[in-house]
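Please read the structure below before turning to the comments.
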Amino acid sequence: MSALTFAKIDQTVLDTLHPAKRSYWILVALLLLGVLAGAACWGYQILVGIGVGGQNNPVAWGTYLINFVFWVGIAHSGTLISAILHLFRAGWRNPIARAAETMTVFAVCIAGLFPFIHLGRVWQVYYMLPYPNQRYLWPNFLSPLMFDVVAISTYLTVSTLFWYTGLLPDLAAVRDKAQGVRKKIFTYLSLGWTGQHDQWRHYTRGYLFFAALATPLVISVHSVVSWDFALGIVPGWHTTIFAPYFVAGAIHSGLAMVLTLMIPMRKVFGYEKIITMDVLENVAKTIVFTGLIVGFAYGTEYFIAWYSHNIVELESFRWRAVGDYRFGFYIMVICNTLIPLLFLIRKIRRTVVLLFGISILVNIGMWYERFVIIVGGVAHGFSPHAWGLYAPTVIEYGIMFGSFCLFFFLFLLFAKHLPSISMTEMKETLEKGEAHAT
Amino acid sequence: MQPKKYIMGLFRNEDQVVSAVHALEHSPYKIQRVNTPFPSHKILDALKLKKSNVGYFTLAGGIFGFFAGFGLAIFCATKWNLIVSGKPVISLIPFFIVGFEFTIMFAVFGNILGLLALGGLPSFKGLKYYDPRCSADHFGILASCVAEQEDGLKSFFQTQGGEVRVFD
């Protein structure tokens, strides 16, 4: 195989921006239909009322909150890859950083929709804004839900700006190869970037600060999400382990989603020389690590329930393993901690089909983890007379399906209209001799 | 005053650029800028540039954000007329979370502002003396000279192993 060069990197990435085939637009149209179906379900809920969802006493938090936490989690690995691994100078993150960052932006946007959906009367969302009003009501910043508003808004703003800043030199590269209207658009989008030394001098410094700021942010955001639960005195929720447990779980699911997206993209766009097997293998190794942390957290929860001698906690965790939602618990444990251990076998983590399959299983497992925690907690609380079960309705499934379609729809549009691999970072990697050229 | 000529030397190799930059220091020509497809630390070192001041913008944004976040939470808390049991009206620990998130958000705003202000963005003037190959696989050194030194500058770049582009 021929060695990677600057020109080849450009050619490979810019080739993906050529007008798409009909099959691409068919897929985009199908996903758009899914998005519209989800939107119709939400519209129906707005029209009829939140009662069309299955949330009711005692389970007031159902799929909307599960999906909220799931999508925030998916968003986390983008920042891990682009910021934390950047600070660690891990060269292997460069080929996948752009797509992971994009995944972050879209996932946070979708996560941000769910609290709105869950509100029911979504038009009253402005109650959360601090402004003088005749009701004398101001947001209560003692509430973890208000922490969440602040944290998620910050995360969305920062990850979008981080993504755009990283994209700037590549937008200029596209501009320099484009013609006509396209050139004009990219000229404005690239803000007149020329890659002159003074721009790079400030850019590299600014990017480093970006990464340094995004690192504590990513940890704080999922910690704040976990406090939505941990600050409530609900058995199974009220625990100090939740913040690190949620952060590890978020990265675990996000890395799995990176594989789910990268593997088909690598195949379709012919990125095999850029997103090498070594890159995918490194993601798989990180999944083993995060999977072990998550497994350790599952075990610790049980240990503390036993060690505390608290009968409510003991019952809550007994019921988790043998109660009505035990299927979710076993899916969670098997998919999140046991199956990723298969990546300890080198042959498995270097087989694309198995990587793809396991990544999907981890995604399923992580969705169920949120189901087990969120629904399981409130369904089986302190008082036996208040125990109850919950099942999502068709409307909830429709909205959830729409959210997945929206995610893939946005990602598909991105992949074909903007550089999905950072050409700049790849060239830098190649110059340093860290790229796998053959 | 004689009109200036702008000439760009285009190189394919980072090390050639470094040696050309060193040679230009002892020549009558003036380096205007060096365009590169990626941040080259070798070239930035050769140009002996000072450390960027973007950090001051970031710091200022962060400090502002911290007080803005804390201030907002305290302001909202004091606006409540309903005091709940013995809880403190101004609770530092939960308000710290708001302060922290605002610190990050405004530090990033400061960072972006610094990046744009110091990097001279957005500006489309730089595209006048720019070769599109500089975003692909070439490194360009833009130097200026008076009209009668034009040939000298051209041959200087050629001697250094570069391709020459003259801007009108």
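Taking every residue in A:149-157 and counting other chain Cβ atoms within 10 Å of its Cβ, the average works out to 4. Remark: region A:92-109, residue by residue, has Karplus-estimated 3J(HN,Hα) of 5, 7, 4, x, 10, 4, 4, 5, 5, 5, 5, 4, 4, 4, 5, 5, 5, 4 Hz, where x stands for each Gly or Pro and the curve is 6.51 cos²θ - 1.76 cosθ + 1.60 at θ = phi - 60°.
For chain B, adding -39500 (n - 2.57) for each run of n ≥ 4 DSSP H residues and dividing by the number of residues yields -16500 deg cm²/dmol at 222 nm. Residues A:Leu30, A:Leu14, A:Leu208, sorted by accessible area with the largest first, give A:Leu30, A:Leu208, A:Leu14 [1.4 Å probe; ligands and nucleic acids excluded]. The order of A:Asp228, A:Asp278, B:Asp168 by accessible area, most exposed first and with a 1.4 Å probe, is B:Asp168, A:Asp278, A:Asp228.
For chain B, the longest principal axis of the Cα atoms and the long axis of helix B:150-159 meet at an angle of about 80 degrees.
Taking the longest Cα principal axis of chain A as reference, the axis of helix A:352-379 is set at about 30 degrees. Pull out a ≥ b ≥ c, the square roots of the eigenvalues of the alpha-carbon gyration tensor of chain B, then state rounded if a/c is under 1.5, prolate if not and a/b is larger than b/c, and oblate in the remaining case. It comes out prolate by the Cα gyration axes.
Taking chain A as a Gaussian network of alpha-carbon nodes connected by springs under 10 Å, the highest mean-square fluctuation of the residues A:Ala20, A:Ala297, A:Ala415 belongs to A:Ala20. Take each residue of peptide B:63-72, count the partner chain Cβ atoms within 10 Å of its Cβ, and average: the result is 1.
Shielding of peptide B:106-116 by partners, expressed as the average count of other chain Cβ atoms within 10 Å per residue Cβ, is 6. Solvent exposure of B:Thr103, expressed as accessible area, is near 40 Å², computed with a probe of 1.4 Å over the protein chains only. So if R0 is 51 Å, what FRET efficiency would A:Ser143 and B:Asp151 give, r being the distance between their Cβ atoms, rounded to the nearest 0.05? After rounding to 0.05, the efficiency reads 0.10.
Taking region A:235-250 and a reference point 7 angstrom along Cα→Cβ of A:Ile293, the backbone N atoms nearer than 11 Å belong to A:244-250.
Counting only protein chain heavy atoms and rolling a 1.4 Å probe, the accessible areas of A:His309, B:His138 rank, largest first, as A:His309, B:His138.
Taking every protein chain into account, the 1.4 Å probe leaves A:Leu341 with about 60 Å² of accessible area, to the nearest ten.
Is region A:5-156 best put as rounded, prolate or oblate by its Cα gyration tensor, with a ≥ b ≥ c the root eigenvalues, rounded for a/c under 1.5, and otherwise prolate when a/b is larger than b/c, oblate when not?
oblate
For chain A, modelled as a Gaussian network with Cα springs under 10 Å, which listed residue fluctuates most, A:Ser77, A:Ser220, A:Ser23? Residue with maximal mean-square fluctuation among A:Ser77, A:Ser220, A:Ser23: A:Ser23. Remark on B:Arg33: its backbone amide H falls under 5 Å from those of B:Leu142, a criterion applied only to residues 5 or more positions apart or on other chains, H modelled at 1.01 Å from N.
When the surface is traced with a 1.4 Å probe over the full set of protein chains, A:Val378 keeps roughly 30 Å² accessible.
Determine, from the Cβ-Cβ distance of A:Trp387 and B:Val164 and an R0 of 51 Å, the FRET efficiency 1/(1 + (r/R0)^6), rounded to the nearest 0.05.
0.05
Amide hydrogen proximity for B:Val164: with H placed 1.01 Å from N in the peptide plane, the residues at 5 or more positions away or on another chain lying under 5 Å are B:Leu10. Here the Karplus curve 6.51 cos²θ - 1.76 cosθ + 1.60, taken at θ = phi - 60°, turns the phi angles of region A:335-341 into couplings of 6, 8, 10, 7, 4, x, 5 Hz, with x standing for Gly and Pro.
Let a ≥ b ≥ c be the square roots of the eigenvalues of the Cα gyration tensor of region B:54-119; is it rounded (a/c under 1.5), or, if not, prolate (a/b larger than b/c) or oblate? Note, shape of region B:54-119 comes out prolate. Computed from phi, the 3J(HN,Hα) profile of region B:122-128 under the Karplus parametrisation 6.51, -1.76, 1.60 (θ = phi - 60°) reads x, 8, 10, 5, x, 6, 5 Hz, with x in place of Gly and Pro.
Net charge dipole, chain A: roughly 1060 debye, given to the nearest 20, about the Cα centre with Cβ charges of +1 for Lys and Arg and -1 for Asp and Glu.
Per the accessible-area calculation with a 1.4 Å probe, the total area buried between chain B and chain A rounds to 5000 Å². Largest GNM mean-square fluctuation among B:Ile43, B:Ile31, B:Ile104, using chain B with Cα springs under 10 Å: B:Ile104.
The values are calculated or read from the model by the stated rules, or taken from the named source; none is laboratory data. Values in this document were obtained by computation on a predicted structure and should not be read as measured data. All Cβ positions, glycine included, derive from the backbone under ideal geometry; neighbour counts span all protein chains shown. What goes into the accessible areas is simple: the full protein's heavy atoms, side chains included, and nothing from ligands, DNA or RNA. Shrake-Rupley method; radii C 1.70, N 1.55, O 1.52, S 1.80 Å.
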